[in-house]
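First the structure, in the form of structure tokens, and then the observations on it.
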Amino acid sequence: MAKRLFMVAGEASADMHAATLLRALRELVPDVVCEGVGGASLQEAGMQVLLNSEKLNVVGISDWWDRVGEVLGGYRKVIRHLETKI
């Protein structure tokens, strides 16, 4: 049975570092299945991106207020996905 991993990288530098980690992990555990929240680097490293973190980047309260529906919708999507896997 394949090992499963869920990762969350909420911004660009986390996406880059998590992708490096995932590539190294795949050398040790080639059949690992990785899903989560991340950007292009994690996707290129082989993660199934459920929610693109670039769409969640907000700066300041006014930016948050303008995008609250999108952010909360993404949160709900992730929670529903995890509930089906546990």
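The values are calculated or read from the model by the stated rules, or taken from the named source; none is laboratory data. Treat the numbers as computed from the prediction; the structure is a model and nothing was measured. Note that we place each Cβ from the backbone using ideal geometry, even for glycine, and neighbour counts take in every protein chain shown. When the accessible area is computed, the model is the full protein with side chains, heavy atoms only, and any ligands, DNA or RNA have been set aside. Shrake-Rupley method; radii C 1.70, N 1.55, O 1.52, S 1.80 Å.
The table below lists the values:
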| quantity | calculated |
| --- | --- |
| Residues that are more than 9 Å from the chain's Cα centre (by Cα) and outside any helix (DSSP H, G or I), drawn from region 35-57 | ALA45, GLY46, LEU56, ASN57 |
| Subset of region 33-59 that is without any contact (Cβ under 8 Å) to a residue 24 or more places away in the chain and touching a helix residue (DSSP H, G or I) at 6+ places or on another chain (Cβ under 7 Å) - its residue that is nearest to LEU21 (Cα to Cα) | VAL49 |
| The one condition in (1) open to solvent by 50 Å² or more (accessible area, probe 1.4 Å); (2) without any contact (Cβ under 8 Å) to a residue 60 or more places away in the chain; (3) under 14 Å from the mean Cα position of the chain (by Cα) that PHE6 fails to fulfil | (2) |
| Test: residue in region 24-38 that is acidic (Asp, Glu) and surrounded by 15 or more Cβ atoms within 10 Å (Cβ to Cβ) | yes |
| SER53 on the phi < 0 side of the Ramachandran plot, at pLDDT below 90 and of a type in the set (Ser, Thr, Tyr) | no |
| Subset of region 60-79 [among the charged types (D, E, K, R) and surrounded by 11 or more Cβ atoms within 10 Å (Cβ to Cβ)] | ASP63, ASP66, ARG67, GLU70, LYS77 |
| Condition broken by HIS17, with the remaining ones in (1) within 19 Å of ASN57 (Cα to Cα); (2) open to solvent by less than 20 Å² (accessible area, probe 1.4 Å) satisfied | (2) |
| Residue in region 50-59 that is polar (S, T, N, Q) and surrounded by 15 or more Cβ atoms within 10 Å (Cβ to Cβ) present | yes |
